[in-house]
Every structure is written in C-alpha cells, then in structure tokens.
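Notes for the one structure printed next.
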Amino acid sequence: MEAEKSIFEGVIMIRGKGTGFVAVPNYEEDILIPTEALSFALDGDIVEFEIGKKVPGKRQEGKVLRVIDRKYTEFIGSVQKKAGVYRLLPDNRRIHIRPLLPDATTTHEGMKVVVHIKAWESPLADPTGTITEILGPAGDHETEMQAIIRGGGFSENFPEPIAKAGQELYARKEAIFAQAVLDTQGEKPKRRDMRDRTTCTIDPADAKDFDDAISFHALENGNYEVGIHIADVSHYVREDDIIDKEAQSRGTSIYLVDRVIPMLPEVLSNDLCSLRPNEDRLSFSAVFEMDAQGKIHNEWYGQTIIHSDKRFSYEEAQEVLDSGKGPLHTELSTLMSIGRMLRKQRFVDGAIAFDQPEVRFELDAEGKPLRVYAKVRTETMLMIEDFMLLANRRVAEFVHSHTKKLGRDAAFVYRVHDLPNPEKIEDLTIFLHALGHEFKSNKGIVDARDINKLLKSIEGTPEENLIKTATIRSMAKAIYTTKNIGHYGLAFKYYTHFTSPIRRYPDLMAHRLLRRHLDGSVIKSSEIIKFEKLSIQSSEREMTAVTAERDSIKYKQVEYMLDKVGQEFDGIITGVTDWGMYVEVKETRCEGMIRLSSMKSDFFTHESSKYRVKGNRTGKTYSLGGGIRIKLTRADMEERVLDFELA
C-alpha cells in the first residue's frame with residue numbers, strides 16, 4: 001500500500017551548517033534529514049531517502065540512502081589556509097562541505113578557484129578536491145562576476161561548435177531570408193508580409209537584443225490593426241540541433257549588474273534574430289483588429305516578415321507622448337490609450353499589482369559601483385507590458401480553443417501560477433494585522449481583489465516595499481508546464497510565454513508548438529512528456545538565474561557601502577529575529593543587520609507575535625516596518641553582509 005511506503009526520491013535542500021529537508025507528497029511538512037543522516041548528499045541533489053518511524057512531539061525525520069543525481073559537478077570558492085591545511089570555502093553557503101585541497105600552495109591563498117571533488121570516502125569527513133581553474137583574486141570585480149556565473153552552472157562563452165554553428169547560420173542569412181520570402185507566396189502562404197505596416201521597437205536604452213516589435217495600422221471601419229511581432233528564433237534554431245541543445249541547457253539569459261549572459265550565441269541574439277530597425281526581419285506575430293476600448297474583433301497568428309521603422313528607448317517614446325510631438329506620435333498615443341484600457345480591465349478581473357522597484361547600478365570602467373538607484377518605470381514600459389501580456393494570453397487561449405474544435409489535447413507550454421498556500425496566507429494575515437493593516441482571508445483563501453486593495457492602501461507608506469515583498473513570498477512560484485491550471489497573479493485562465501524567445505527557452509517551445517497547431521500536426525504523447533521535462537528544466541534554470549542576478553546585486557551593494565562605514569542612513573526595519581533586526585537603507589535598498597547584542601542601551605527581547613523587539617528596562621520598542629536611523633559599522637565583501645547599529 002502507498003501509505004506504507006517509506007522510500008522516496010526528491011530534491012534535497014540543505015540549510016544552516018548541514019540540515020537537510022526534502023518534500024514528500026501528502027506530507028504537511030518537509031522531511032528533516034539530520035546532518036549525520038545526509039550521507040554524501042549536497043544541496044540541490046536528487047536523492048533516494050528513507051523516512052524513519054515517527055517520534056511523538058518531534059518532526060518527521062529521514063535519512064539519505066544514495067545520491068541519484070548531483071546538482072553541482074564543480075564548486076566555486078576561495079582558498080583558505082587554517083592550521084596549515086588548505087581548504088575551499090564555497091561561495092554557495094548552502095554547500096556545507098569544506099573540501100581539502102592538497103594541491104594548493106601559497107599562490108592559491110585568497111584566490112577564487114574552481115574545484116572538482118576527487119575523493120569522498122566518508123560522509124563524516126570532508127572530501128578531497130583538486131583545483132581545475134583559477135578565476136582570480138577574491139574581491140576583484142571580474143573574478144566575482146565570473147564566480148557568480150560559474151557558481152550557477154552558467155558559462156559566458158559558448159563552446160566552439162556552438163559558436164561555429166551560429167556563424168554558419170549568419171553566412172547563410174540571405175538564402176534563409178529568400179526562403180522566408182518564398183513562404184509569403186502561393187495560395188496558402190505560410191508567412192505574411194507585413195513590411196508595409198508602421199512598426200517600431202520600444203526597449204531599454206542599453207538593449208542590444210530586440211525580442212518584440214509592435215505595428216499599428218488604422219482601418220477604414222474605424223478600428224485598428226495592432227501587430228505584436230516576436231523574433232522568429234524557431235526559423236533559425238531548429239529543434240534538437242546543436243544550438244537548440246545548448247539553449248535547452250542554458251534555459252534563459254542571465255542579467256547581472258554589468259552584463260548579459262545570453263541563451264543564444266550573440267550573432268543570433270543581437271543580429272540575425274533581433275528585430276533591429278530599418279532592416280527586414282523574420283517574426284512570429286499575433287495580429288489583432290481592436291477598437292478604441294481594446295476589444296478584439298479579429299485575430300490572426302502566424303509567421304511574418306516585418307520592417308521596423310524606428311527604435312525607441314522607453315524614455316524617448318515617453319518624451320514623444322509627454323511633449324505631444326515627435327516620430328509616430330499618433331500611433332504611440334493610440335497604442336497608449338488602448339494599453340490603459342487593457343491594464344484597467346486586467347485589474348478589474350483580479351490581476352495583482354506586484355510592481356516593485358528594481359535596483360540598478362552606475363559602474364565605472366573597472367566595475368566599481370558609483371551609484372545605486374531604483375529603476376524608474378515609465379508608462380511606456382507599462383504599455384509594452386500590456387501588449388505583451390495580451391499576446392501571451394491570447395496565444396494560449398487560441399491554442400486551447402483551436403485544439404478543442406479539432407478534438408485534440410491542447411499540447412502546449414503554459415506559464416502557470418497556482419493559488420497561494422492557505423497557511424502562508426494565514427501567516428500573512430497575522431503579519432499585516434500586527435502592522436496595523438486590515439486584510440481579509442477565509443481560512444487562508446483570499447480573493448486577488450483583496451490583495452490589490454491592500455497594495456493600493458499602502459502606496460507611498462514607509463512599509464510599502466516590505467509588505468509587497470511579504471505578499472509576494474506568500475504566493476506560489478510561477479512555473480512552466482504542459483498542464484494548464486491558469487495564472488492566479490494575472491487572473492488569466494490561459495497564459496504562456498510567447499514574447500521572448502531570444503532569452504527564454506519556453507517561448508521558443510511555444511513558437512514551435514503554435515506552428516504545429518496551425519499546420520494541423522498531431523503531437524504525440526511521447527513528445528508532450530519531452531516538453532514537460534524541458535518545462536521543468538526551464539523552471540529550474542530560471543530560479544538559478546534569479547539567484548545569480550540577486551547575488552550580483554547583493555555583492556555590488558556591499559561593495560558600494562565599503563567606503564561608507566561610519567556613515568548614517570535612513571532605514572526601515574525589514575525583519576525581526578531572536579538575534580537581531582534586519583534593516584534596509586531607504587535610498588539604495590542595501591540590507592543588513594543590527595544585532596541585539598550591539599544595542600547597549602537596554603536588554604532587548606524578541607516578541608515574535610508582535611513582530612518587534614522590546615527593551616526590558618525602558619519598554620522601548622522597534623517594530624517591523626518602522627523607520628529608523630542607522631549607522632554602518634561593517635561591510636564584509638567575503639561574507640557579503642552589512643552590519644549596522646542604531647544611530
């Protein structure tokens with residue numbers, strides 16, 4: 001019987017100095033794996049484990065039987081010498097081992113290196129490793145960025161065969177384009193020629209790859225033809241070819257503070273596939289006939305040829321709209337009006353407004369941060385987002401309705417977002433009440449509209465970002481899958497990622513599947529299994545990329561604060577624990593800790609139910625979300641931590 005099963009497989013998470021947790025279906029809590037029961041498992045490994053007998057009053061424990069698949073084959077960190085022995089201190093603090101390095105010398109000390117495990121004879125002892133590559137001195141900008149890239153299992157450079165394949169495609173670009181032109185001809189053309197439509201791209205000022213363009217054409221009946229054109233990567237990168245295999249492995253492009261690590265070779269991402277201005281380009285398009293209120297009267301999906309007339313930055317397009325004059329003013333004004341209608345309806349339907357400021361850096365030539373600031377979101381950014389969301393939603397809806405008419409399974413890759421876990425919503429409710437905010441939930445079930453009411457009510461308050469972060473953490477994570485359950489956060493019943501195939505592999509899969517549905521191709525169940533596996537892999541790579549991006553931000557924030565030790569800042573309390581208060585500098589969003597032991601004016605006690613610390617003698621309280629004046633006392637680049645004290 002299933003209830004008697006005690007041996008499972010799962011991904012192990014290791015926290016602290018070596019305590020493991022593994023999720024098991026139908027168990028309320030993750031299974032605890034004590035340090036001595038980890039065997040040879042490391043964080044992120046797929047393991048076979050056994051659940052032990054339940055001890056009353058204690059958490060369910062288990063033990064690892066064997067490692068099925070390693071997440072990491074190389075380890076990045078600093079070489080340290082203690083008691084005459086060289087060891088690796090991994091950058092990834094979730095790696096609890098400290099490999100011995102018998103081949104290290106004094107020249108390696110303080111260097112960032114790549115290490116492969118050579119021997120690991122006993123789980124009770126650290127393994128022996130060998131240094132395979134020296135990245136450079138710890139603390140050096142380029143060294144640290146390379147360490148973050150390699151630590152996530154990514155590579156800045158493409159293997160020679162991949163780079164060569166990209167160059168070969170580029171050399172054949174005229175023949176490839178000529179074939180695409182032929183596809184626009186005949187009784188049933190496979191591709192539509194839309195080069196006569198007024199078309200533009202609107203992207204960040206420093207963008208080099210242009211995934212999406214938008215076209216506008218006023219129709220005689222008073223409606224508008226709006227085309228959302230996406231780079232036709234699938235025409236160049238064929239399924240399971242050498243470039244596709246590499247893109248599968250990478251899963252996504254990565255955006256660090258100073259560079260982009262592309263999913264595709266640069267000759268494709270920045271040239272062949274990119275929808276560059278004043279050049280004919282191949283695209284996959286969603287074309288809508290819309291009225292001024294954003295209602296769709298007709299739609300068409302298929303491959304196209306376009307010609308972008310203008311490349312705008314978000315700021316340039318915003319200037320045209322704000323000034324009331326400039327290139328494509330009429331087109332931009334109408335698109336903005338329709339975009340506002342789409343946005344308004346989305347929120348009426350229950351989409352959650354989770355916008356949070358993004359941290360950006362101004363770096364000097366050596367990569368040293370000169371300024372940390374929050375990225376300003378222009379309304380043109382929101383407008384482009386509105387149309388991309390529209391395309392993503394309508395493509396998914398089309399595949400569903402199209403296959404339903406044919407009596408087939410809607411084989412597709414969806415972007416789904418599950419309902420939030422009721423326990424997490426209950427915790428969020430308690431947290432919000434402690435901060436003095438009303439929030440309704442029925443046993444952990446919450447209407448998205450109530451979340452929006454909350455987010456609206458906190459706009460402009462000191463605790464706005466804190467509450468938004470807490471609310472986001474209470475939500476499920478959005479993932480890729482072939483099994484549609486809808487998107488809770490966007491309030492869409494059907495949703496996919498279709499609009500960024502240059503930088504996201506699931507979008508490339510969506511293009512291929514849409515083409516097959518348009519062609520009437522039967523998609524076998526064995527293929528769906530393959531797409532599901534690739535969807536899971538893409539979700540994992542996305543999470544790893546997000547971690548790398550956050551690591552690069554955290555590192556640069558600490559570096560920015562290095563020469564500011566002793567200075568005072570306005571901050572906000574973002575967390576309260578038994579050992580201290582987490583605080584964030586308001587201006588730069590740099591986060592650190594005030595340890596309770598450093599608060600000498602009184603003996604402070606953590607009151608967890610009230611999310612605050614309280615002085616035993618004075619009764620002075622410091623509460624979560626409260627404003628506070630803080631002084632920086634330490635900026636540690638190696639640990640990537642900031643320490644503060646009360647000013």
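The values are calculated or read from the model by the stated rules, or taken from the named source; none is laboratory data. Every value quoted in this text rests on a predicted model; they were computed, and no experiment measured them. FYI the Cβ positions are ideal-geometry reconstructions off the backbone, even for glycines, and counts take in every protein chain you see.
If we keep just the residues of segment 421-436 that are acidic (D, E) and free of Cβ contacts under 8 Å to residues at least 24 places away in the same chain, which is surrounded by the fewest Cβ atoms within 10 Å (Cβ to Cβ)?
Kept after step one, since they are acidic (D, E), are these residues of segment 421-436: 423, 426-427.
Within this subset, residues satisfying the condition of being free of Cβ contacts under 8 Å to residues at least 24 places away in the same chain are 423, 426.
Details: E423: 12, E426: 16.
For segment 421-436, the residue satisfying everything is E423.
Which one is nearest to I628 (Cα to Cα), of the residues in segment 539-585 that are among the basic types (K, R) and touching a residue at least 40 places away in the same chain (Cβ under 8 Å)?
Here is the first cut: in segment 539-585, the residues among the basic types (K, R) are 541, 550, 554, 556, 564.
Those still in the list that are touching a residue at least 40 places away in the same chain (Cβ under 8 Å) too: 541, 554, 556, 564.
Values: R541: 38, K554: 21, K556: 23, K564: 18 Å.
Going through the qualifying residues, I end up with K564.
Before we move on, is Y495 under 19 Å from the mean Cα position of the chain (by Cα) and more than 20 Å from Y255 (Cα to Cα)? Walk me through it before giving the result.
Values: under 19 Å from the mean Cα position of the chain (by Cα): yes; more than 20 Å from Y255 (Cα to Cα): yes.
The answer is yes for Y495.
Here are some residues: I338, I352. Which one is closer than 25 Å to I451 by Cα, touching a residue at least 12 places away in the same chain (Cβ under 8 Å), buried (at least 18 other Cβ atoms within 10 Å of the Cβ) and β-branched (V, I, T)? Walk me through how you get there before you give the answer.
Numbers: I338 fails: closer than 25 Å to I451 by Cα.
Every option except I352 fails the conditions.
Which condition number in (1) of a type in the set (A, V, I, L, M); (2) in the same structural domain as V11 (by TED's automatic domain parsing); (3) under 22 Å from R640 (Cβ atoms) is the one that I51 fails?
I51 satisfies every listed condition except (3).
Any residue that is at pLDDT 95 or above, closer than 28 Å to L390 by Cβ, within 20 Å of the chain's Cα centre (by Cα) and among the β-branched types (V, I, T) - is there at least one of those in segment 220-243?
Checking segment 220-243: not a single residue is at pLDDT 95 or above, closer than 28 Å to L390 by Cβ, within 20 Å of the chain's Cα centre (by Cα) and among the β-branched types (V, I, T).
Considering only residues that are closer than 18 Å to I149 by Cα and not aliphatic (A, V, I, L, M), which ones fall in segment 82-126?
P90, D91, N92, R93, R94, K112, H116
Go through the residues of segment 156-174 one by one and say whether even a single one is loosely packed, with under 15 Cβ neighbours inside 10 Å and closer than 28 Å to K554 by Cβ.
yes
Mind checking which residues of segment 72-87 are in a loop (DSSP other than H, G, I, E, B), touching a Gly at 6+ places or on another chain (Cβ under 9 Å) and without any contact (Cβ under 8 Å) to a residue 60 or more places away in the chain? Show your work before the answer.
Filtering segment 72-87 down to residues in a loop (DSSP other than H, G, I, E, B) leaves 72-74, 83-84.
Imposing the further condition that a residue be touching a Gly at 6+ places or on another chain (Cβ under 9 Å) reduces the set to 72-74.
Answer for segment 72-87, where residues must be in a loop (DSSP other than H, G, I, E, B), touching a Gly at 6+ places or on another chain (Cβ under 9 Å) and without any contact (Cβ under 8 Å) to a residue 60 or more places away in the chain: just T73.
In the set P127, P102, P90, which member is over 28 Å from Q537 (Cα atoms), touching a Phe, Trp or Tyr at 6+ places or on another chain (Cβ under 7 Å) and in contact (Cβ under 8 Å) with a residue 12 or more places away in the chain? So that I can check it myself, show each step before the final result.
Numbers: P102 fails: touching a Phe, Trp or Tyr at 6+ places or on another chain (Cβ under 7 Å); P90 fails: over 28 Å from Q537 (Cα atoms).
Selected residue: P127, the only one of P127, P102, P90 that is over 28 Å from Q537 (Cα atoms), touching a Phe, Trp or Tyr at 6+ places or on another chain (Cβ under 7 Å) and in contact (Cβ under 8 Å) with a residue 12 or more places away in the chain.
Looking only at segment 498-530, count how many residues are more than 19 Å from T304 (Cα to Cα), surrounded by fewer than 24 Cβ atoms within 10 Å (Cβ to Cβ) and not basic (K, R).
Residues in segment 498-530 being more than 19 Å from T304 (Cα to Cα), surrounded by fewer than 24 Cβ atoms within 10 Å (Cβ to Cβ) and not basic (K, R): 8 in total.
So, in segment 180-204, of the ones that are polar (S, T, N, Q) and surrounded by 12 or more Cβ atoms within 10 Å (Cβ to Cβ), which residue ends up farthest from Y236 (Cα to Cα)? Give the derivation first.
Here is the first cut: in segment 180-204, the ones polar (S, T, N, Q) are 184-185, 198-199, 201.
Of the ones still in play, those that are also surrounded by 12 or more Cβ atoms within 10 Å (Cβ to Cβ) are 184, 198-199, 201.
On the way: T184: 17, T198: 25, T199: 22, T201: 21 Å.
Top of the filtered list is T198.
Can you tell me how many residues within segment 632-647 are closer than 20 Å to S78 by Cβ and hydrophobic (A, V, I, L, M, F, W, C)?
4
Can you name the residue in segment 411-420 that is crowded, with 16+ Cβ neighbours inside 10 Å and closer than 25 Å to M475 by Cβ and is also modelled with the lowest pLDDT among such residues? Can you show your working first?
If we filter segment 411-420 for residues that are crowded, with 16+ Cβ neighbours inside 10 Å, which is where we start, we get 411-417, 420.
Still in the list and also closer than 25 Å to M475 by Cβ: 412-417, 420.
On the way: F412: 96, V413: 97, Y414: 98, R415: 98, V416: 97, H417: 95, P420: 91.
Of everything passing the filter in segment 411-420, P420 is modelled with the lowest pLDDT.
Residues K556, K564, K631: which one is modelled with pLDDT of 90 or more, buried (at least 19 other Cβ atoms within 10 Å of the Cβ) and of a type outside the set (S, T, N, Q)?
Residue meeting the stated conditions: K556.
In the list Q318, Q345, Q303, Q293, which residue meets the criterion of being part of a loop (DSSP other than H, G, I, E, B) and touching a residue at least 24 places away in the same chain (Cβ under 8 Å)? Please lay out each step first, then the result.
Values: Q318 fails: part of a loop (DSSP other than H, G, I, E, B); Q345 fails: part of a loop (DSSP other than H, G, I, E, B); Q303 fails: part of a loop (DSSP other than H, G, I, E, B).
None of the other options fit; the residue is Q293.
Only one of V79, V55 is of a type in the set (A, V, I, L, M, F, W, C) and either within 21 Å of W120 (Cα to Cα) or buried (at least 17 other Cβ atoms within 10 Å of the Cβ) (or both); which?
Values: V55 fails: either within 21 Å of W120 (Cα to Cα) or buried (at least 17 other Cβ atoms within 10 Å of the Cβ) (or both).
Unique residue meeting the criteria: V79.
I'd like to check which helices (runs of 4 or more DSSP H) are fully inside segment 98-199 and have at least 1 residues that are out of contact with any helix residue (DSSP H, G or I) (no Cβ under 8 Å at 6 or more places or on another chain), closer than 21 Å to C273 by Cα and assigned by TED's automatic domain parsing to the domain that holds E246.
Numbers: elements: 141-151, 160-171, 173-182.
Those helices (runs of 4 or more DSSP H) span 160-171, 173-182.
Identify the single condition in (1) in a strand (DSSP E or B); (2) on the phi > 0 side of the Ramachandran plot; (3) of a type outside the set (V, I, T) that G367 does not satisfy, given that it satisfies every other one.
(1)
Check whether at least one residue in segment 529-537 is in a helix (DSSP H, G or I), of a type in the set (S, T, N, Q) and touching a Ser or Thr at 6+ places or on another chain (Cβ under 7 Å), and report yes or no.
Within segment 529-537, the first condition is being in a helix (DSSP H, G or I), and the residues that meet it are 529-537.
Then drop every residue that is not of a type in the set (S, T, N, Q), which leaves 535, 537.
From the residues that got through so far, the ones that are touching a Ser or Thr at 6+ places or on another chain (Cβ under 7 Å) too are 535.
Checked segment 529-537: at least one residue is in a helix (DSSP H, G or I), of a type in the set (S, T, N, Q) and touching a Ser or Thr at 6+ places or on another chain (Cβ under 7 Å).
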